[in-house]
1. Could you tell me the calculated FRET efficiency between residue 95 and residue 68, based on Cβ-Cβ distance and R0 = 41 angstrom, to the nearest 0.05?
2. Using the number of other C-beta atoms within 10 angstrom as an exposure proxy, rank 168, 79 with the fewest first.
3. Can you sort 186, 78 so the residue with the fewest Cβ neighbours within 10 Å comes first?
4. I need the phi-derived Karplus couplings for segment 63-68: 6.51 cos²θ - 1.76 cosθ + 1.60, θ = phi - 60°, integer Hz, Gly and Pro marked x.
5. Tell me, 173, 56 in order of fewest to most beta-carbon neighbours within 10 Å?
6. Taking just the alpha-carbon atoms of segment 139-203, what radius of gyration and Dmax come out, in angstrom?
Amino acid sequence: MSETSQTDTPKTPPPPPEAAAAKPADAKSAPAPEAAKPTAAPSADELLAAARADAVAAQERYLRAVADMENFRKRTLREKDELRQFAAANVVEDLIPILDNLSLGLAAAKQQSGDAKSIVDGVGMVLEQFKGALGRHGLKEINPVGAAFDPHQHECIAHQPDEEVAEEKVISVVRLGYSLNGRLVRPASVIVSSGPAKPETKA
């Protein structure tokens, strides 16, 4: 009885060796990536053609830059010449009425014989008009009477003692100075005080 039961029990056969090796084979079945093929180096003719093309492009850029520079130079010279010709146009326009008034004053002076005061007043008005016209264009009068001597704006033509004016102060202005927009055009010619007169020492 026991022998019969042992022989009737079915046994599972072992898997064939091909099935056991199937799984590792599947894991390695993906093909390896192919290595990049090296590109062929450009030939000497191709390199020469590329160099010639670069040289032609560089020559064109150079010629274009030279032409632009020449046009700029000509335009600058033309603008500079126009500026020199017409820079004083505004000043001339302001001075023309003064010339008219001087002509009228001269005509009136020729007609009048004894009334000098009216002539003086007329010339004084024209002078103020003239100063105002120049002042609108940046001209400023330098009249430093009583001010400290400034070698940057004044020209000392003499020293003289003065009891009332302190030393190195301007006593009088011989010729007015002028500056244009802050730039000195002509220094004022002045006489400068050397202080009170020193008593003469007896030998």
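Just so you know, all these numbers are worked out from the coordinates, no wet-lab data involved. These figures come from a predicted structure and were not determined experimentally. When we count neighbours, we look across all protein chains shown, and the Cβ atoms used for this are built from the backbone with ideal geometry, even at glycine.
1. The computed FRET efficiency comes out at 0.50.
2. Neighbour counts put them in this order, fewest first: 79, 168.
3. Exposure proxy ranking, most exposed first: 78, 186.
4. Along segment 63-68, the couplings run 5, 5, 5, 5, 5, 4 Hz.
5. Final ranking by Cβ density, sparse to dense: 56, 173.
6. Considering segment 139-203 through its Cα atoms, Rg and Dmax are 13.8, 55 Å.
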